[in-house]
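Enquirer: My questions will all concern the structure given below.
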Amino acid sequence: MAVYDENIAKNPFFVALEKLRPDLCERVARLHGIVLVPCCGSLEGSMVSQLHFDSYVVQPVEDGYQTADGKEVRILDRQVLLGSGLPPPVSVPILFEETFYNAKEESYSILCISRPVDAAEPGPGPEAARRHLRSLEEVKEFLGRHSHKLDKLIGNFCHAFKEHDRKGLRHHIDSVHGLYTRCLQCVLRDCFFFSRLGGLADARPPCFRQVYVHHGIHSLIFNLVGTLEASQDAAFNKITRSLHELQHKDVGVKAHLSINLSAAKRELSQLNQQTSPLLKLLCLRKVALTATRTPSRAVSMEAVCADDLLSVILYLLVKMEIPNWMANLSYMRNFCFSQSSKDELSYCLSTFEAAVEYIKLGKLQHVLAVRSPAHPTARS
Amino acid sequence: MAAAGGGGKSFSFKVVLLGEGCVGKTSMVLRYCENKFNDKHITTLQASFLTKKLNITGKRVNLAIWDTAGQERFHALGPIYYRDSNGAVLVYDITDEDSFQKVKNWVKELRKMLGNDICLCIVGNKIDLDKDRNVSTEEAESYAASVGAKHYRTSAKLNSGIEELFLDLCKRMMEAAQVEERSKGNGGGQSASGRRGVQIVDDEPQAPPTGGCCSSG
C-alpha cells in the first residue's frame, strides 16, 4: 500500500550522521542496532549537524535497547518510546523501517520517525498531513476546477467509444490507457496542482486519476467487460449454484477464522457498488483483511497463510452470489494501470483469481460428491 | 525509459514462497519480516503477503514475499501466484524426504513456465532437527547445482540462516535485473519480456508519461 517513503541515503540527517560520526555508524552496524532517522520533511529549517546524534543511535543491551547516550528505548505500537518512566517522556511515531547492509554485510535497522526526538512539539507529522484519496468525493474535492477539464476529456472518450464498441478488449485497454495519459498531462500542466501532489501519500498521480476517470467511464467499460465475460460468468454461476450445500469445513476453513465470515460477506457485498478498478481492489483487500482477523493481537503462532486465506475466499465466492465475478476480475486485471503486479492489492486479486479458477476446475463439486455419494446431484 | 546505472534507483522484487504445509515456510518468513523491534505486530494479510525494505550498500530493494497455497489440492493454482516473480524460495523439511521430492516438482514446473529468468533458492529448513535428517545436504546441494539453483540451510526455530538466505537472493536478483537492463539497452529498447521484468523505479518524482511506451500488458 502507498505509505510514507523516502530515500534515507539522501536524508540530510543521515548524510550528516555518516559524515560527522563514522564511529557511530560503524558501531551500530557491528552491534546490529538501530538508527532513528527523522523524516526529511521534519528537518526543514533545523541545523542537522547540531542534532545530538548519540540520541538517535540505538544499541541492544541485556534486556532491551538504549541510545548511545544511555537513554532507555522501547518500541510499541509503531512508536519509539524514549526514556524510562510511565508515561515515557518522549514518544515518536515510526513511519517505516528499512534494513541496511554495509560493505561488510553487517546489518542494522533504520527507523524513519516523524520528527526529531528532541523536538518537543508533536506537530502534525507527515502522515497526518498527507492524504489518501480513496473515495470519489475526496478525489473530486482534490481536483477542484480541474474536474471540468477532465470531464470534457471523459465526455469525448465516451462519445468516441460508441463508434468502437465492437472492437476487442485489447483496443479498449489501450484507449482507456490513452485517456489516462491525457488526463494526467492535463492536470500536470498546472504547476500549482503539481505542488499539491507533493502532499499526497499516494504521490503517484494515477491514484486519483483512476478513481475519477473510471467513475466517468465505468458504465461503458464495465458493461463491455460484462458482455465479453457473460458466457464465462454464466458457466461459473452454474457451478456455484450447484454448491449451495457446501459448508465451511468442506472447503477447509479453519475454525478460528469462521467467526469472521459474516463480516467478510458484508464487505464483499460492496464490490459491485465500486466503480473504479482501484476501489474494487481495495474492497477485495478489505474482505481479505476482515476474513483473516484473529481475535488476539499475538498472531505469530496462528499466522494466516495462503492456504487459510484461499479457503476462506473459496467459501465466500460460493456463498455470496455475486453474479459477475469474471467481469469484475477482468475489469480489475486489465483496467487498473497504476498498480504494480507485485503489491498487496495484486496479491489479493491473485488470491481471488486462484479461488475462481479452483471452482471452475470443478474441485468443489468433487468435494460435495465425495461427502455425500448417495446425494442425487452428486456426480461420480 | 531505460534507467541510467547507479544512483537513486530502487529495485522492486516479487519472491514466491513454495513448499508443503508442514515444512515451516510460514514461520521462516515471519522470522524474517517480523522483527525484534516490532512487538510481533504482523501487518496486513499477516503471513501470506509480507514486504521488507532493504538497502544493500546504497541500493534500495523493495521485497514483496508471496506465500502460495501449498496444499496438494491447490497445486494447479500455482501459476496464478508465481507469474511475474523474480525469485522463488522452495522450502523442504530436512526430516521429510517427501517434501524434498515436492520441491523437485516445483523446480521442474518453474523452469518450464518461467525459464531461467527466475532466481531459485532451495532451502532445507529445520536444521535444528539434524539427528532426524532424511535428506542429505550433499544430495540437496548437488541437486540444486544441477538445476541452477542455490541451496541454503535454515532453522526458523533458531532463527538461523534466514537473513543470509534473503540477502543472498536479493543480490542475485539485483544482478539478474542489471543484466536484463543492459541487454535491453543493447537491444534498442525493445522490451520483449514486457511486464515480467523487474521494475526499476526512480526515486525522483516521475515526469508525466508522454508516449505509449508504458505498456500495461
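Enquirer: From the residues in region B:125-141 that are closer than 18 Å to residue B:88 by Cα and over 18 Å from the mean Cα position of the chain (by Cα), which one is most open to solvent (accessible area, probe 1.4 Å)?
Expert: Among residues in region B:125-141 that are closer than 18 Å to residue B:88 by Cα and over 18 Å from the mean Cα position of the chain (by Cα), the one most open to solvent (accessible area, probe 1.4 Å) is B:141.
Enquirer: So, one more: Which count do you get for residues in region A:154-181 that are within 14 Å of another protein chain (Cβ to nearest Cβ), more than 15 Å from residue A:223 (Cα to Cα) and surrounded by 15 or more Cβ atoms within 10 Å (Cβ to Cβ)?
Expert: 5
Enquirer: A further question on this structure: Could you list, ordered by first residue, the pairs with Cβ atoms under 8 Å in which the first is in region A:94-118 and surrounded by 17 or more Cβ atoms within 10 Å (Cβ to Cβ) and the second is basic (Lys, Arg) and assigned to a loop (DSSP other than H, G, I, E, B), at least 6 apart or interchain?
Expert: What qualifies is A:94/A:78.
Enquirer: Where the second residue is surrounded by fewer than 13 Cβ atoms within 10 Å (Cβ to Cβ) and the first is under 19 Å from residue A:181 (Cβ atoms) and lies in region A:148-170, which pairs have Cβ atoms under 7 Å and are six or more apart or on separate chains?
Expert: A:164/A:171
Enquirer: Within region A:357-375, can one find any residue that is within 21 Å of the chain's Cα centre (by Cα), crowded, with 18+ Cβ neighbours inside 10 Å, among the hydroxyl-bearing types (Ser, Thr, Tyr) and at pLDDT 85 or above?
Expert: Within region A:357-375, not a single residue is within 21 Å of the chain's Cα centre (by Cα), crowded, with 18+ Cβ neighbours inside 10 Å, among the hydroxyl-bearing types (Ser, Thr, Tyr) and at pLDDT 85 or above.
To keep it simple, each residue is scored yes or no on (1) out of contact with any Asp or Glu (no Cβ under 7 Å at 6 or more places or on another chain); (2) crowded, with 18+ Cβ neighbours inside 10 Å.
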residue	(1), (2)
A:43	yes, yes
A:50	yes, no
A:56	yes, yes
A:65	yes, yes
A:73	yes, yes
A:80	yes, yes
A:83	no, no
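Enquirer: If you don't mind, another one. Against the condition β-branched (Val, Ile, Thr), in contact with a Phe, Trp or Tyr (Cβ under 9 Å, 6 or more places away or on another chain) and either facing chain A (nearest Cβ under 8 Å) or surrounded by 15 or more Cβ atoms within 10 Å (Cβ to Cβ) (or both), how does residue B:122 come out, does it pass?
Expert: Yes: the conditions hold for residue B:122.
Enquirer: Please enumerate the residues belonging to region A:244-260 that are open to solvent by less than 20 Å² (accessible area, probe 1.4 Å), in contact with a Lys or Arg (Cβ under 9 Å, 6 or more places away or on another chain) and not in a helix (DSSP H, G or I). Give the steps one after another, and end with the answer.
Expert: Restricting attention to region A:244-260, the residues satisfying the condition of being open to solvent by less than 20 Å² (accessible area, probe 1.4 Å) are A:246, A:251, A:253, A:257, A:260.
Those still in the list that are in contact with a Lys or Arg (Cβ under 9 Å, 6 or more places away or on another chain) too: A:246, A:257, A:260.
Across region A:244-260, the qualifying residues are A:246, A:260.
Enquirer: Given the conditions (1) open to solvent by less than 20 Å² (accessible area, probe 1.4 Å); (2) in a helix (DSSP H, G or I), which single one is not true for residue B:90?
Expert: Going through the list (1) open to solvent by less than 20 Å² (accessible area, probe 1.4 Å); (2) in a helix (DSSP H, G or I), residue B:90 breaks only (2).
Residue by residue, here is whether (1) away from chain A (no Cβ under 11 Å); (2) assigned to a strand (DSSP E or B); (3) of a type outside the set (S, T, N, Q); (4) in contact (Cβ under 8 Å) with a residue 40 or more places away in the chain holds:
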residue: B:54; (1), (2), (3), (4): no, yes, yes, yes
residue: B:62; (1), (2), (3), (4): no, yes, no, yes
residue: B:73; (1), (2), (3), (4): no, no, yes, no
residue: B:80; (1), (2), (3), (4): no, no, yes, no
residue: B:85; (1), (2), (3), (4): no, no, no, yes
residue: B:99; (1), (2), (3), (4): yes, no, no, yes
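Enquirer: Filter region A:261-316 down to residues that are modelled with pLDDT under 90 and not in a helix (DSSP H, G or I), then give me how many there are.
Expert: Total satisfying the criteria: 17.
Enquirer: For region A:308-344, how many residues are under 22 Å from residue A:266 (Cβ atoms) and facing chain B (nearest Cβ under 10 Å)?
Expert: Adding up the residues that qualify gives 6.
Enquirer: Only one of A:61, A:80, A:35 is of a type outside the set (Phe, Trp, Tyr), closer than 23 Å to residue A:107 by Cβ and touching a helix residue (DSSP H, G or I) at 6+ places or on another chain (Cβ under 6 Å). Can you tell me which?
Expert: Step by step, each of A:61, A:80, A:35 is checked, and only A:35 is of a type outside the set (Phe, Trp, Tyr), closer than 23 Å to residue A:107 by Cβ and touching a helix residue (DSSP H, G or I) at 6+ places or on another chain (Cβ under 6 Å).
Enquirer: Hey, another quick one. Give the residue, chosen from A:21, A:27, that is touching a helix residue (DSSP H, G or I) at 6+ places or on another chain (Cβ under 7 Å), charged (D, E, K, R) and either open to solvent by less than 80 Å² (accessible area, probe 1.4 Å) or closer than 16 Å to residue A:118 by Cα (or both). It would help to see each step written out before you state the result.
Expert: Values: A:27 fails: touching a helix residue (DSSP H, G or I) at 6+ places or on another chain (Cβ under 7 Å).
Testing whether each residue is touching a helix residue (DSSP H, G or I) at 6+ places or on another chain (Cβ under 7 Å), charged (D, E, K, R) and either open to solvent by less than 80 Å² (accessible area, probe 1.4 Å) or closer than 16 Å to residue A:118 by Cα (or both) leaves just A:21.
The values are calculated or read from the model by the stated rules, or taken from the named source; none is laboratory data. Treat the numbers as computed from the prediction; the structure is a model and nothing was measured. Glycine also receives a Cβ, built like all others from the backbone with ideal geometry; neighbour counts cover every protein chain displayed. These area figures cover heavy atoms from the full protein model, side chains too; ligands, DNA and RNA do not enter into them. Shrake-Rupley method; radii C 1.70, N 1.55, O 1.52, S 1.80 Å.
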